[in-house]
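All remarks here apply to the structure that follows.
The values are calculated or read from the model by the stated rules, or taken from the named source; none is laboratory data. Note that this is a predicted model, so its numbers are computed, not measured. Heads up, the Cβs are rebuilt from the backbone with ideal geometry, glycines too, and the neighbour counts pull from every protein chain shown.
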Amino acid sequence: MDRVVVLYKDRLIRLGFELIEYIASLYDCQIEIIDHTEKTEEQELVEDLVQIVTVSSCKLHGKRANKAKRLVKELANDD
């Protein structure tokens, strides 16, 4: 693979883009980003923090939902 083309760099990876870019360069692979909208460091930091909170929240609520489903299933089996 010579080149990876993405619209936004966040579509490739949410956090740690520079690491992926470095690894790709080791294998002579270019990463081409089509939309080069410039963001300040503060904007990027806020977006990263929002993503972290969103993912953590989804995982937490997903675990609760699975626990509730298991309890309902166990109660149904007890009857």
Just checking: which of the helices (runs of 4 or more DSSP H) contained wholly in the chain hold 1 or more residues that are loosely packed, with under 10 Cβ neighbours inside 10 Å? 17-26, 41-78
Examine region 19-27 for a residue that is of a type in the set (S, T, N, Q) and modelled with pLDDT under 85, and state whether such a residue exists. no
